[in-house]
Amino acid sequence: MSSSAYKASRYVSRSRLKVSFEFFPPKSDEMEATLWDSIERLAPLQPAFVSVTYGAGGSTRERTHATVARIIKETALKPAAHLTCVAATRAQVDEVIRDYWEAGVRHIVALRGDPVGGVGTRYESHPGGYEGSPELIAGIRAIGDFEVSVSAYPEMHPESGSVSADIDILKRKVDAGATRAITQFFFDNDVFLRYLDRVRDAGITIPIVPGIVPVQNFKQTAGFAARTGASVPDWLARRFEGLEDDPSTRKLIAAAVAAEQVLDLVDRGITEFHFYTMNRADLVYAVCHLLGMRPQDVAPNAVAA
Ligand code: FAD
């Protein structure tokens, strides 16, 4: 980070910033305990919302619902439930949407989802199912007055032929009722800002919130990036080089890299961030602290020192 970037971001008022946190539904009691420790640690930072993912092919339908329902019951957080239309009829998807409405959920992250055969295979809509994300969004809006967030891809979706084809789909999603887009993670802020310019040039005005992934495990993140079309710059690989057996230094580097990324974005006018937490609080908490965020019972308006 340049020293000017650092200085500028020192004076960010906490009240200008909005953050949200993404979790995935736990598979075991142990993972459930980790998730809830993380939720309890991050909740006092008063995120705008917390989202819970939906497993590939709808595989976590019950677990996503149970996690979202527990968030509503036990916290003051606003949950957003992810939902895909893969491998399900409209009636089945509509039932999930109605169940969310009845449980008090008012925000859905609406996604088409990956092809049943996995990333890289051809996407076929399910017989009797929603065709794609624009149709799913329209279906959600027809059932209830939900806030609807959607995906956006600064480096193109792997199935896309061009950035403009990607932006066309985003426009269709907005026309269908999407109110916010959350991006796939990225590491090069210039790529995101160029994409944002193109989105605005296309007449899309909804918030485009950068998705930030603190690198808990470089190898795993690089593998995930390869599947999702996100690029991993050489400089990032070099920062984690030689730290395979040194988790504590890795963690310090990960916090530094994520902090550098968000503080640079703040300096360039971005005020909303969505963090992919991987159900772990420590790195995200540290980055939010650097952003000037403090637990609600501590005087806010703080700045990075
Ligand atoms: P869309 O945005 O509808 O389409 C993605 C791209 O495919 C388009 O940009 C376009 O290039 C191409 N495309 C789609 N339809 C057409 C068409 N009709 N004609 C031409 N091109 C087309 N997956 C899960 O399983 N569960 C989750 O909880 C989940 N959460 C996510 C959250 C975020 C913030 C992001 C960025 C992704 C998430 N995903 C999740 C991954 C997502 O399901 C996959 O990337 C999937 O392959 C595409 O779904 P989408 O809604 O992004 O697709």
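Residue check: is Arg122 touching a helix residue (DSSP H, G or I) at 6+ places or on another chain (Cβ under 9 Å) and either within 13 Å of the ligand (Cβ to nearest atom) or modelled with pLDDT under 95 (or both)? So Arg122 fails the test.
Selection of region 271-291 for residues being away from the ligand (no atom under 16 Å from the Cβ) and either among the aliphatic types (A, V, I, L, M) or in a loop (DSSP other than H, G, I, E, B) (or both) yields Thr271, Arg280, Ala281, Leu283, Ala286, Val287, Leu290, Leu291. Residue pairs whose Cβ atoms lie under 8 Å apart, separated by 6 or more positions or on different chains, with the first residue in region 221-245 and open to solvent by 30 Å² or more (accessible area, probe 1.4 Å) and the second part of a helix (DSSP H, G or I) and polar (S, T, N, Q), are Val232/Thr221.
Counting only residues that are over 11 Å from the mean Cα position of the chain (by Cα) and open to solvent by less than 10 Å² (accessible area, probe 1.4 Å), region 201-211 holds 1 of them. All conditions but one from (1) within 20 Å of the chain's Cα centre (by Cα); (2) closer than 29 Å to Gln46 by Cβ; (3) loosely packed, with under 12 Cβ neighbours inside 10 Å; (4) modelled with pLDDT under 95 apply to Ala299; the one that does not is (1). Being surrounded by fewer than 20 Cβ atoms within 10 Å (Cβ to Cβ) and within 15 Å of Val105 (Cα to Cα) is the filter here; which residues of region 20-52 pass it? Of everything in region 20-52, just one residue is surrounded by fewer than 20 Cβ atoms within 10 Å (Cβ to Cβ) and within 15 Å of Val105 (Cα to Cα), namely Ala48. Remark: pairs (first residue in region 58-86, in contact (Cβ under 8 Å) with a residue 24 or more places away in the chain; second residue more than 15 Å from the ligand (Cβ to nearest atom) and open to solvent by 20 Å² or more (accessible area, probe 1.4 Å); Cβ separation under 6 Å; 6+ apart in sequence or on different chains) = Ala69/Ala103; Ile71/Leu77; Ile72/Gly104; Thr75/Ala43; Leu77/Ala43.
The values are calculated or read from the model by the stated rules, or taken from the named source; none is laboratory data. Quantities reported herein were computed from a predicted structural model and do not represent experimental measurements. Using ideal geometry, Cβ is built from the backbone for each residue, glycine included, and neighbour counts are taken over all protein chains shown. Heads up: the accessible areas ignore ligands, DNA and RNA and are worked out on the full protein's heavy atoms, side chains in. Shrake-Rupley method; radii C 1.70, N 1.55, O 1.52, S 1.80 Å.
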